[in-house]
Amino acid sequence: MKTAVKNILWIVALFVFLGLGVGSLFLPGTLAPGDPTVTLTLAPGMTTRQIGRSLRRAGLIRSADAFTIVAMLRGQADQLRAGTYQISASEGLSRIVGRLADGDVLRVAVTIPEGFNSREIAERVAPILGCGVDEFLAVVRDTLLARSMGAGPAGLEGYLFPDTYNLIPGTEPLGFVRRLVDRTITIFEERYAARAESLGLGRHDALTLASLVEAEAAVDGG
């Protein structure tokens, strides 16, 4: 009888030990609570297991296998998105999986002041976009693109709306230029189209004139 009881206790202890061991894999990562967030870039095409290994190497999770299991249980193993993320080890597996599935990537706020020309804009945003200044300017000066977006034949100078934007590092220059131009056109149509029409000015002429005035004001202010 005593032997049977002892065997039962050993079995119970074994299950408790295994439970604690497996359970610990699902705990937050190895970074100390006071550690800052980690910036981690996940490349396109990475598998769930590869993503898990990257997170483990960064000290954000304890087990790549546990990460894969949680992603599968949430039904999001094939929904994890590439990009650059800021992640804290204290977030835990489930939240990290959710953020990667939502594409909650790092965004950098950048301000384009009024009066900036395309080169000044390029010099400010190119390091964030991960492109060269000339590469950005080539998009701005693309006459075919300008025509397709309803601008004049000389490119998109004057169509790059000054504002504060949240940029995703690595965004293609074309995507960001389109965003600037779309913003300019939207603001113009909402606020200035009627007034420009009353003055006999089309959109391109009005924006060109406004751009020249801004440039002159910037020179006078300097």
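Values quoted throughout were computed directly from the atomic coordinates according to the rules given, and no laboratory measurement underlies them. Quick caveat, the model's predicted, so the values are computed rather than measured. For neighbour counting, all protein chains shown are included, and Cβ atoms are generated from backbone atoms with ideal geometry for every residue, glycine included.
So, counting K/R as plus one and D/E as minus one, what does the shell of residues with Cβ under 12 Å around R49 add up to? Mind showing how you got there, number by number?
Numbers: positive: R53, R56; negative: D65.
Net charge around R49: +1.
Taking a point 7 Å out from the Cα of I168 in the direction of its Cβ, the residues of the range 113-144 whose backbone N falls within less than 20 Å of it are 125-132, 136.
If R0 equals 22 Å, the separation of the Cβ atoms of T143 and D182 corresponds to a calculated FRET efficiency of about 0.75. Kirkwood hydrodynamic radius of the range 50-154, from the reciprocal of the average inverse Cα-Cα distance over all distinct pairs: 16.8 Å.
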